[in-house]
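One structure is given here, and the rest of the page talks about it.
Derivation of every value follows stated rules applied to the coordinates shown; laboratory data play no part. Fair warning: this is a prediction, and the values are worked out from it, not measured in the lab. Ideal geometry is used to build each Cβ from the backbone, glycine not excepted, and the neighbour counts take in all protein chains shown.
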């Protein structure tokens, strides 16, 4: 190998070990063993470090996020704007070099990775986005969208179920421009993978429809280069390149689990440098390494310049497509609320049905909307009827079929958004959001506006029984920072939920019913505030405030009418989204739920946990803190106390009448 190449690889190794040692925290094993893999990946990619958002760049995802110093060393050496101080401040408060790669924090990082396997699924989403956008915008002689997605993973990613889910879909969809580099070092935290992991990963992926290429030695960069070239030549099958490496290569702990997740120690770092022939001061890198890496950066800058010149000609020949391409990149849909059609409904429906109506109208106004369900589209009504399907041999449709793969589906949707140019959504039953929770959490951490349609929102699911009836899910999702949870009461509130989801800066969940909910007088754009007065009291100060969501709002309205007969003046507040309500001014919140009125009742067919902040010590919650049962929905609502009488009695109790 050329000396400067080896010098660069050793620079990656030493920088990683030194940063981890200085932080006294981190995972040196994989950066030491996989340094040649990272080097080969970057020298075979197209990117411009001076413009990390270059549209047609290759995407790189470090799925094994614990090896973050491998990422940071590469970004530093290849000129992405990281400094020596950034490397030296690894894992410190406020540093751009966090413990695991973080989107929007470190330049060049395409997605936040931490939970193993998520990155592979994100990469599948990015590859889907590339395929779809290419099918939409590319014309002969104008490959506007033409790049690869390369993910680097380890044994841990390969053991997680999400990787198999994502790989299965990638093979089925023939995502030929997806390349996964597998750092196969046979070691995890507890020791040799022989303890728990004896499968033939290559044969598994071949069975899933992948091209599998093997490299015997990670230090053979030429062999890795040939493998990547072969992967790029395969146009239909995604490629898995299995590369045998030694964890902790060059250190005294090489091949041992003890170097997976702990610093090498001062003596260990010194021994590593001696073994590698590295005779430089701490965190010092010879200038020839930076000059070498700069060549690849300049190559990327030339590629971007050529792409921009091509796009100028594309604009001349295909002006409408070019305009649409630029609009898709912006994802600016702030004017949706002014479209009257979105607020109109012909009949009462389940909120999942209202959602379907809104979604199919939105398909006309949000052209880059793309999504689908985990094999439940007929039930959760997530299909766009005017759009075709995204299929292995026809990538022009925007209705996705994710298969029964909830965990991967959510992470793939994240990757689709992160790629750029698309507004993705995905759908399943609300109770199965538990399967998606980690990927939803990653959406929230990254603050990316993926929309999650979660239907069959309560015991109203009925005969399917407690395994399919969400109880704690609403409270659990509301506890997640940066996630908006909508539970709309009717069609217009569902419209507000959809528009809020598509125009917000964070992910959103639409919790939607199976049973029919009536259209209610007074609903509409006030729902954007998250909570508002739907039925006010006759007096300035109400005797009692009833707060409800979703299917229980009409219950609260009916209870108010009964209370009026007994001379009790009630205000009904619809609270479709607590998160949006909390964003409002204190003055507004006080006007809706005045602190002077302590007689409050919350009504929701879910766990009571998230309601105490609104009802206080003197209020009551009509909720459910047990699992449901198998029976018709109407019988279940009666059994578990979701009736007008139950709400009336609770209101009377809290106001002492």
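Quick one: give the max-minus-min coordinate of the C-alpha atoms of segment 1-148 along each principal axis, largest first, in Å.
52, 36, 25
So for the pair residue 85, residue 105, with labels modelled 7 Å out along Cα→Cβ, what separation do we get in nm?
1.9 nm
At 37 °C and a viscosity of 0.692 mPa s, what translational diffusion coefficient does Stokes-Einstein give for segment 3-300, taking Rh as the Kirkwood radius over Cα pairs? Give it in µm²/s as a whole number.
172 µm²/s
Just how many % of Cα pairs in segment 192-299 lie over 24 Å apart, if you round to the nearest whole percent?
When all Cα pairs of segment 192-299 are counted, 49 percent exceed 24 Å.
Would you mind getting me the FRET efficiency between residue 596 and residue 404? Use the beta-carbon distance for r and R0 = 51 Å, nearest 0.05.
Calculated transfer efficiency: 0.50.
Rounded to a whole number, what is D in µm²/s for segment 526-655 from Stokes-Einstein with the Kirkwood radius over alpha-carbon pairs (37 °C, 0.692 mPa s)?
This corresponds to a translational diffusion coefficient of 223 µm²/s.
What spacing in nm lies between the two simple spin-label points modelled at residue 270 and residue 226, each 7 Å away from Cα in the Cβ direction?
Label at residue 270, label at residue 226, 4.2 nm between them.
Pairing the Cα long axis of helix 161-172 with the longest principal axis of the chain, what angle in degrees results, from 0 to 90 and rounded to the nearest 10?
80 degrees
Going by how many other Cβ atoms sit within 10 Å of their own, how do 365, 148 line up, fewest first?
Ascending Cβ contact count within 10 Å gives the list 365, 148.
Which distance in Å, rounded to a whole number, links the C-alpha centroids of segment 250-298 and segment 101-122?
The two parts, judged by their Cα centres, are 24 Å apart.
Over all Cα pairs of segment 544-586, how is the pair count split among 5 Å bins, expressed in % and running from 0 up to the last occupied bin?
Reading the bins upward from 0: 6, 23, 24, 20, 13, 9, 5, 0.
Please state the relative contact order of the chain as a whole percent: Cα pairs under 8 Å, 6+ residues apart?
Relative contact order for the chain comes out at 12 percent.
Which distance in nm do the two modelled labels at residue 92 and residue 364 give, with both placed 7 Å along the Cα-to-Cβ direction?
If labels sit at residue 92 and residue 364, their model points lie 5.7 nm apart.
Compute the Rg to Rh ratio over segment 55-96 from the alpha carbon atoms, using the Kirkwood formula for Rh, and round to two decimal places.
My calculation puts Rg/Rh at 0.99.
Assuming a viscosity of 0.692 mPa s and a temperature of 37 °C, what translational diffusion coefficient in µm² per second does Stokes-Einstein assign to the chain, Rh being the Kirkwood radius over Cα pairs?
Once the numbers are plugged in, D ends up at 123 µm²/s.
Report, please, the projected area of segment 336-517 averaged over directions, based on the convex hull of its C-alpha atoms, in nm².
9.6 nm²
Expressed as a fraction of 2.2 N^0.38 Å, the rule-of-thumb size for a compact globular protein of N residues, what is the C-alpha radius of gyration of segment 151-206?
Normalised by 2.2 N^0.38 Å, the Cα Rg of segment 151-206 equals 1.17.
Estimate the FRET efficiency between residue 396 and residue 302 by the formula 1/(1 + (r/R0)^6), using the beta-carbon distance for r and 25 Å for R0, to the nearest 0.05.
About 0.20, to the nearest 0.05.
Using only the alpha-carbon atoms, how far is helix 433-446 inclined from the longest principal axis of the chain? Give it as 0 to 90 degrees, nearest 10.
Tilt of helix 433-446: around 70 degrees.
I'd like the orientation of helix 68-77 relative to the chain: the angle between its Cα long axis and the longest Cα principal axis, in ° from 0 to 90, rounded to 10.
Approximately 60 degrees, to the nearest ten.
Is segment 130-281 best put as rounded, prolate or oblate by its Cα gyration tensor, with a ≥ b ≥ c the root eigenvalues, rounded for a/c under 1.5, and otherwise prolate when a/b is larger than b/c, oblate when not?
Prolate is the answer for segment 130-281, as a/c is 1.5 or above and a/b outweighs b/c.
Please figure out what share of the DSSP beta bridges in the chain is antiparallel and state it in percent, rounded to the nearest 5.
The answer is about 15 percent antiparallel.
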